[in-house]
Structures are given as C-alpha cells and as structure tokens.
2 protein chains.
Amino acid sequence: MTTLRPDVHRELCAVVGSDHVVCDPQRLHEAERATFATRGRVHAILRPGSAHEVAATLRVASQYGTALHPTSGGRNWGLGSRVPPGDGAVLLDLGRLRRITDYDDELACVTVEAGVTFAELYRYLTERESRLFMSTIGASPEASVLINAIERGDGSGPYGDRFAHLASLEVALPGGEIIHTGFGRFGPSAVAAIHRWGVGPTLDGLFSQSNLGVVTRGTIWLSPLPKALGTVRFRFRDPARLAAVVDAVRELRLEGTLRSVVGIWNDYRVLSVEGRYPWQRAGGRTPLPRPVVDELARAWGGARWFGLAAVYAATRAQCDANLERVRERLTGVVDELDVDVRTGEPTSGSELFHEEEPALQFLQGIPHEGSLRSVYWRKLALPERLDPDRDGCGVLWACPTVPLRGRDALAAVELSERTLTAHGFEPLLALVAQTERTGYLIPMIVYDRDVAGEDERALACHDQLLGAFVRLGYLPHRLGLQSWSSLPAAQDDYDRVLLRLKRCLDPADILSPSRYDFRQGEE
Amino acid sequence: MTTLRPDVHRELCAVVGSDHVVCDPQRLHEAERATFATRGRVHAILRPGSAHEVAATLRVASQYGTALHPTSGGRNWGLGSRVPPGDGAVLLDLGRLRRITDYDDELACVTVEAGVTFAELYRYLTERESRLFMSTIGASPEASVLINAIERGDGSGPYGDRFAHLASLEVALPGGEIIHTGFGRFGPSAVAAIHRWGVGPTLDGLFSQSNLGVVTRGTIWLSPLPKALGTVRFRFRDPARLAAVVDAVRELRLEGTLRSVVGIWNDYRVLSVEGRYPWQRAGGRTPLPRPVVDELARAWGGARWFGLAAVYAATRAQCDANLERVRERLTGVVDELDVDVRTGEPTSGSELFHEEEPALQFLQGIPHEGSLRSVYWRKLALPERLDPDRDGCGVLWACPTVPLRGRDALAAVELSERTLTAHGFEPLLALVAQTERTGYLIPMIVYDRDVAGEDERALACHDQLLGAFVRLGYLPHRLGLQSWSSLPAAQDDYDRVLLRLKRCLDPADILSPSRYDFRQGEE
C-alpha cells in the first residue's frame, strides 16, 4: 500500500517503469529506520535507471508537489541513513545508476554514476590492474563513491578532501533540466573530466550538501599507487600532549611532508573497532568506567591516543626522506613512533600491499568494513552482514570543524569527553587532519537502540554537543537529518539569498524540503 | 562631463562621497583603453570605500538600471583591462578596499580586501618577516591578489591553482545584500578562514568569473617558505619532444614529486621577456623570421623550449630525493637539465633566496614585472613605468585548456604556431602545468597598436585561434572582454539555468551585463 495519489503513482510508473516503483509496506518501513529516532515516512521508493529518468521524475514531482528525497547507497549511517526529512517523502533511490562510463589511465580519472559504490569502483580498478587508487572512506564499502564526495565525506590518500577532487558533475534539477558543471556542458571534450572550474561561474558547489539538484554522475580523480608507501604510527599517554601533536601534524601537512589525511584516535575509539563493549569487566554498567579502559589499555603500554599517517612516494629515497622528517618532528612529541616502508610496482588488487590490516587497506584505497564494526560497540555480537539500521545500532555523529591547531583540538576534545560522559556514553573520538589547516573531529555517540530511553538520551547529548561546539566557533561540516534546522541564523544576508536560490531552482519545493537550507531566510 | 543622469549621480555621490565619483573626461577616457580595440565607454568611476558602500552602490544602480562594471587593480591586460562590456558602464573601482584585516601565522592565511595588490601583500608579509609566501603571478604586481584568484588566474607555488586556495569570500550582490561564503556567514568563528566549504551548499563558485556578485574580501591561504628550495631548469631542441616532456611532467605532478606549477616556454616567449623585437636583424619585417630566431637561439645552444619547476621541501634530504626523481624521469627526455638547491631559514623579504632573477622571485612569491616586459615586445623601448594600456601595447591572450598529455599539448602548440604565424604574429607560447592533469596553454598575440590595421588583424587571429581550440575540445579557461559571447551554446540546459540564476540574483541586469554569461540561454 502506498500513500501516493493514484494519478501521481501512474505518472511516476510511466517514467521509471512500474517494476521500479516500490510500494511494499515492509520495504518502505525498512527504509524509515535509521541509527537514531526519526519520524520521516517513506511513501514509495522510485528506482530510476538513468539521469533522464531522474530528471523526468523530478518534473512530475514538481508538477504534483510531491516531496522527493534522493538516496544512493542508502548508507548514510549516523547522519540519517535513507530517511527523508520532515514528515516524509518519496525516496528517489539512485542505486540503479550503476555505470562506470569512462576511465582514463593516463589522466587518472574515472566517471561514475551516482549508484556506483566504493566496492564496485575498487573491483573495476582491480579488474584492470589499474596503477591508480581512489580515496576511500572508513564507512561502508556499499556507500556511493560519488555521493559521499558530494556530501563532503573525508577519505584516505592525497585526495582525502574528496569534494575537492571531482569534475564535470551531471545534475538533474527539480524543473526537469539536466546540466553539467565545468566544461561538461559543451558535450564531449578533452578537458571536461580533468578541470574543475570550466569557464564562467562554477556551479558545482550549489549541488553539494544541497537540496537544489540531484547529482547523477561525475568524474572522480584518482591517485597513482605509490611505489613506496610509508606508514607512520604513533602513540602517546598524556592527553594534554594532543595539542603538541596536532601542531606538529599541521606543520608536516602545510610543508608538504604529509600529503594525506592523518587520523588520530583515542583509546575508546580503538576499543570500539577492536571488539565489543566489555560488558563483563564493566559489570554491565554504562558508560565504560575509566579504570576498565586503563586496564584494557595496559596491552598498549597505557597509550591514550593513536595516530596513523602515510607517505605516498614514487621512490624509496623520497619515502625515506619524508619519514625522516616526520621522525624528526614527532620525536619527543609522541611516546612511541613506528615507521615502515613497503616498496614495489603495485596495481589495484595486487598482493604487494594487499594486507589484511584494515588501516593499510584504507591507505591504499581498498574499501573494507573494519571501522564500521564500532557501531556495534554496545551490541553483544557482530552479525554476518552488518546492517546497523536493521540491527538497532544507535549511532549519532557530531561533525565539528576545528582549526588544525593544538589548543583548538584540545578544547574540542575535552568538550566532547565531558559531554558524552555526562550523558552516559563513551567518548569515541577520531580527529582527522583533513586538510593542511582543518581538522574534523568526529565524536560518535554509539548506543543500543533496543535499550529504552537511549534514543532520547543520545539525541539530547548530540544537541548539547552541537550547540556547545557552535558557541566555541567549531561549526559542523556536516549535519545529520535531525539537526538541519539547529544552526544559528546567518549574521549576514546568506540565508535569504540561499532561500531565493532554492525558490529559483526548486519553485515547488519538492526536493528534500528543509535539507541543509535551514529556512532561516524566510522572507 | 559625465553621462550619468543627474539624479543617479546625486544618489551615488551620497553613497560613496562626491570625492570618490570620478567624472573627469580625461580619466574616464584613460579607463576606456585596453591592449586591443574596445568600444565600451566609461560613464563615471565610483570608488567606494567599504563593502557596505559597494552594496549600497549596487542597490542604487539596480534601482535606476545603471550598468556597473567592477574593477580592482585595473590590470587585466590582455583580457580587457578595465574596459566595461557592451556599450559601456559605470566603473566600480574597488581600489580603495585596501585593508588587510587578518593574518594568521600558524594557520597560514591572510584576509584581504579586493583592492589589495600582490605588491602590497608581499610588503605586508615582508614587514612581519613572515615565514609564509603567497602564490604570485607573472603579470603585474599592481593587480589585485584576491580578484586574480577569483578570476582563476594561475600562480607560483603549491597553491598555483589560486582559486582553489581561498575561503570565506565576502560578496556584495546586486540587490544590496552582503553574504559570506563557507562558515563566514555565522560571523567571527575559529574556522571561517581555514575551511572552504562550510556547511550546506557552497556558493563561492557562483562569484568566480561571474557577473552575479562583487567579491569585496576573502581569505587567501599561504604556504610556508621552503627550508630547501630546489629549482629544475630544462631545455630541448626538437619541438616534437614536447609530448614526452609533458607526459613526464604529468607523472611527476600526479605522484607528488612536483607540487607546484611547471612552466614551459618556447624560444619566442623567452626572447620577448629578454629584450625587444630585433627590428634591425629582422630588416624591419614582421613576423620575426625563423632564421633570425635560430641565430639568436645559438646563444642557448639551439634550444627551442625551456622549462622551470620547483621543489618545495622542509629538509635538504627531501629536496634532494625529489630532485633525484626529477632527474631520473627527465634524463633522456630533455637535452639539458640543471638542478640547484638553496637552503636556509627564510622569511619573506629575507636576503637568503632574494635573488635578482625574476624566475626565482616568482617561485618564492615575490611579485615582479619581469614577464610583463614581453607586452612591449614590438615596441622600440621600455618606459620607466610600464603601462601597456597607455603605451599602445597590443596584447591579446587566448587561454585554451589542454589535458596535461603529450599529444594534446603538441596539437595545441602546433595549432597556435600555425595560426599566429599565418596572421603575422610570433607564436609567443607558454604552457603551464597548472594542476596534476590540466595544462594551460597561453598563446600571446603581441603587437603594436600604433601600427595601422594591427588591431583588426590581432582580433581576427584571436577569434580564429579560439574557434579552432574549441573545435578540438581545448576549451578556454578564461575569456577576454571581446569573446564573452563567442563560445558555443551548451549542449544541455546549463545556459538556461545560468540565465535563471542571473535573473534571480541580478533582476535589473546591472552587473557587467553579458560578462561570462553568454546569453545563450535566452528563453
């Protein structure tokens, strides 16, 4: 049974084919589940097979005022999964847009549709024995490789600022138009895939974290696999040391010694990936008492924080020189420092660097579910196939942006620790040196949705965290479904202008209404 | 005498102060001169003193339907200088927006208003003995450091893709609104200056090469001065070698060995910077006969092409390892290769790397007029103060974008040589490896505007070049005043959507009408 009006249903079936209009209540209900409490209903799921079908769907929806909410991999765990905003919408599932339409070995880029997953692109590169790799993420291999970048996810490798390494986006607009950003609008050319800006105004940013259009295809830039891969691991015990570590990492990034994302995790975060919550040791209590963590941490020599960085180099000598510089800068700052080098002539899928260890896979653009296990932290066991929505895993992310500067990192971390602990959650923290000057702190609120009252406590904790970060100026770089309207109003005319753009491009207001547009600009 | 209506003139005087409304016919006439034939008249020059005055000016202009054309340094030589599009407009001169409002030594960024020049920012950094440097350009030190980036100029150093290394733009819109891109809209925060995207849709691209708003301020990211600066110079005789050289440069850029722009100039271009046209040897003829060039080139061992690249490193060992990799890759590809290393603890303005040689200054972000001399190529002498608009220097740039791939570079270069020579001009060519996969070819048409008929011949040559590049798919990354409407129509709905955005943000169509918006979308 669907809540779609019969005439709208008929028209949408005409566009995408009735086989691709899902109205089965069971499947709709599944799509309404996220990793926290939500209320948006899924009225139907449309599965268009091409950008033209997406555009036609948008046109019909605009005509009838039917709210549509796009989803690609449907793995937006911790930020709202597939659940639509507001009371609900029809899901526009891009999962059938699965083609990889172009691949250029020389210019190191690949053009994919919005439904192509990290796992699929990795398989594609492997089959070709490509010498290139993609920036991959810590989340699900079944997420969309393109849409994760459009949503400004962070990833491994030199192109870890994933949104910065795209070109020629194909976008379907609510009015049914299709446009291509950059040089793509001129049709096939030698330069569309390699140049981001094109000529004249550059529109790609309009469609990132946006409800102004639906990105259906785009070119993703790839990096050469390093002939020498250096890994840097470090640990330190004194939490106050984080400030000096972050300052050192910033210097190493700014000067170009480290050209990729650096991850710094606390002990709780490491524990959550390594295994389940130690219910027995904790005597069944939550949050995990610090003495239990200290006891577990003895296996690591008492370290509280753990770092991982990589050096991507074309020669052993380059790798060694960079690692030596890292050693020079971090010695005396961290307690333990391990560097390692692997050399060879790697291809995607080659055994050379193909290690079991998730961290090494991540650095080489091999998608895996390793970090994902942490969302089952408070559960008793891991299922065969991870599906946190189905399994009642509670996950909420906060996404504060911090200057990559010691005192800011420390302030944001201490705030996270205080707030999470006060609400009964462990401070699972990862700090990512996302660019040369920006850190993404990722405090995860992980809980068991099957425990009564936890959903509410988790949301309250999240809201308090977000509010406190905003007051300190650590503004969020991503927002979950539940917090699109919780930012302060702009202090300039931005909200009004954004609302005007929304009305210009989506006059019927059918595309993910309220998503990232705050509605502070109401005129 | 002004052509402004008295009531408009009165209102504008009320906004910017009558001292800052220029109506002197002599000064207006000077502003109508570019380095090629133009027809746009300057009705007045307004010199607002703040972003609020800019916004108020735009509001008044919208109200009266008065066309405004913004200009900052006024040095857009080769692309139209300060001259307004169409029949003319009032110039909105941002030259009084001269404040440097924030500087962060740790996070390596500086916030400047639109009128701040390269020379001024360099002086500012020097006075502070900053350990940071800006990406500088080959053109005038008196150009606006911010607006050159907004116009997507290319520069030296790791941030040579200058538009990619900005944040928090302050923009005045035709309706009189002021917005800040990225996190800037939330007012002062720790992250506005360091993070480009902010949260939600990213609007900065809308205001680049655009007539949708006027950028009045922005944050420019800086790079640490290298403690070891490696320079790479190479030469080769056989023009067909260019293909192999470009392929090698692409590999070196993609793998991260070369993290900055690589410049490859032909012999004509080098001659044009080194001195004036050899009128005597050429027997007064133009274009310069190839045998004369060959004769001059003997001083260089007959090389036809010249390359310059830099390695920015924190240690001598890093620099050496990278230079060794460059040597390995270019040996056998070029005829001559010279590498050099300078080490020390540099600050801006320190004598350490402060060499007279323009190329070395460029690499370290020191603005200079060295390359600019080439616009006087066909003139008999250089004046004390370079002012190509005043001096009748003829200059037209074409700006084709090419994949950084040997066969494309060669095809674009050969086309340029044929076309320029056929029209009676020397092929002054620079090929810049702008990013890891994109090359900017810059064929300059340089002539003497005081020679009858040359203006017409130059424009004809430019138009033929542009058309031929477009047919090959080498689309322009910038356009001069004369060619904003000469691109093909989009093959998708882009032009219509861009026009809709223009009507949304500038309903009275007062801001640089027709600039980069092509009007192909007329509905």
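Table for the structure above
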{"read-out": "Breaking point among (1) within 23 Å of the chain's Cα centre (by Cα); (2) over 25 Å from residue A:224 (Cβ atoms), for residue B:260", "value": "(2)"}
{"read-out": "Residue among A:458, A:468 that alone is small (Gly, Ala, Ser), over 28 Å from residue A:165 (Cα atoms) and either within 13 Å of chain B (Cβ to nearest Cβ) or out of contact with any strand residue (DSSP E or B) (no Cβ under 6 Å at 6 or more places or on another chain) (or both)", "value": "A:468"}
{"read-out": "Some residue of the stretch A:305-317 being surrounded by 15 or more Cβ atoms within 10 Å (Cβ to Cβ), over 28 Å from residue A:372 (Cβ atoms) and within 27 Å of the chain's Cα centre (by Cα)", "value": "yes"}
{"read-out": "Selection within the stretch A:287-304 - farther than 20 Å from residue A:414 by Cβ, open to solvent by 60 Å² or more (accessible area, probe 1.4 Å) and either in contact with a helix residue (DSSP H, G or I) (Cβ under 6 Å, 6 or more places away or on another chain) or touching a residue at least 40 places away in the same chain (Cβ under 8 Å) (or both)", "value": "none"}
{"read-out": "Qualifying positions in the stretch B:304-318 - more than 8 Å from chain A (Cβ to nearest Cβ), hydrophobic (A, V, I, L, M, F, W, C) and closer than 11 Å to residue B:230 by Cα", "value": "B:308, B:309, B:310, B:311"}
{"read-out": "Residue check for residue A:136: among the β-branched types (Val, Ile, Thr) and open to solvent by 10 Å² or more (accessible area, probe 1.4 Å)", "value": "no"}
{"read-out": "Subset of the stretch B:372-409 [within 14 Å of chain A (Cβ to nearest Cβ) and open to solvent by 10 Å² or more (accessible area, probe 1.4 Å)]", "value": "B:397, B:405, B:407, B:408"}
{"read-out": "Condition broken by residue A:79, with the remaining ones in (1) at pLDDT 95 or above; (2) buried (at least 19 other Cβ atoms within 10 Å of the Cβ) satisfied", "value": "(1)"}
{"read-out": "Filtered residue count, the stretch B:243-273, keeping only those that are closer than 19 Å to residue B:327 by Cβ and more than 14 Å from chain A (Cβ to nearest Cβ)", "value": "4"}
{"read-out": "Any hit, the stretch B:106-119, residues being touching a residue at least 12 places away in the same chain (Cβ under 8 Å), open to solvent by 20 Å² or more (accessible area, probe 1.4 Å) and of a type in the set (D, E, K, R)", "value": "no"}
{"read-out": "Selected residue (criterion: farthest from the other protein chains (Cβ to nearest Cβ)) from residues of the stretch B:486-517 that are in a helix (DSSP H, G or I) and of a type in the set (A, V, I, L, M)", "value": "B:499"}
{"read-out": "Residue B:87 within 14 Å of another protein chain (Cβ to nearest Cβ), surrounded by fewer than 21 Cβ atoms within 10 Å (Cβ to Cβ) and either under 26 Å from residue B:507 (Cα atoms) or at pLDDT 95 or above (or both)", "value": "no"}
{"read-out": "Checking residue A:482 against (1) over 14 Å from the mean Cα position of the chain (by Cα); (2) closer than 23 Å to residue A:239 by Cα; (3) of a type in the set (S, T, N, Q), the condition it does not meet", "value": "(2)"}
{"read-out": "Test for residue A:101: is it surrounded by fewer than 16 Cβ atoms within 10 Å (Cβ to Cβ), out of contact with any Gly (no Cβ under 8 Å at 6 or more places or on another chain) and at pLDDT 95 or above", "value": "yes"}
{"read-out": "Scan of the stretch B:141-153 for residues that are within 21 Å of residue B:206 (Cβ to Cβ), away from chain A (no Cβ under 11 Å) and open to solvent by 10 Å² or more (accessible area, probe 1.4 Å), ordered by number", "value": "B:147, B:148"}
{"read-out": "Residue within the stretch A:210-232 that is within 26 Å of residue B:227 (Cα to Cα), more than 13 Å from every other protein chain (Cβ to nearest Cβ) and open to solvent by 10 Å² or more (accessible area, probe 1.4 Å) present", "value": "no"}
{"read-out": "Candidate set: the stretch B:165-206, residues that are free of Cβ contacts under 8 Å to residues at least 60 places away in the same chain, in a helix (DSSP H, G or I) and at the interface with chain A (Cβ under 7 Å from one of its Cβ atoms); chosen: the one surrounded by the most Cβ atoms within 10 Å (Cβ to Cβ)", "value": "B:185"}
{"read-out": "Residue within the stretch A:416-428 that is away from chain B (no Cβ under 14 Å) and touching an Asp or Glu at 6+ places or on another chain (Cβ under 6 Å) present", "value": "yes"}
{"read-out": "Residue match in the stretch B:475-484 (condition: without any contact (Cβ under 8 Å) to a residue 40 or more places away in the chain and either open to solvent by less than 10 Å² (accessible area, probe 1.4 Å) or at the interface with chain A (Cβ under 9 Å from one of its Cβ atoms) (or both))", "value": "yes"}
{"read-out": "Pick from the stretch B:296-324, criterion touching a Leu at 6+ places or on another chain (Cβ under 7 Å) and of a type in the set (Phe, Trp, Tyr), ranking: nearest to residue A:326 (Cα to Cα)", "value": "B:312"}
{"read-out": "The stretch A:16-27, residues that are surrounded by fewer than 21 Cβ atoms within 10 Å (Cβ to Cβ) and either part of a helix (DSSP H, G or I) or polar (S, T, N, Q) (or both)", "value": "A:18, A:19, A:20, A:25, A:26, A:27"}
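The values are calculated or read from the model by the stated rules, or taken from the named source; none is laboratory data. Since this is a predicted model, take the numbers as computed values, not measurements. Positions of Cβ are generated from backbone atoms using ideal geometry, with glycine treated the same way; all protein chains shown enter the neighbour counts. Only protein heavy atoms, including side chains, enter the accessible area calculation; ligands, DNA and RNA are left aside. Shrake-Rupley method; radii C 1.70, N 1.55, O 1.52, S 1.80 Å.
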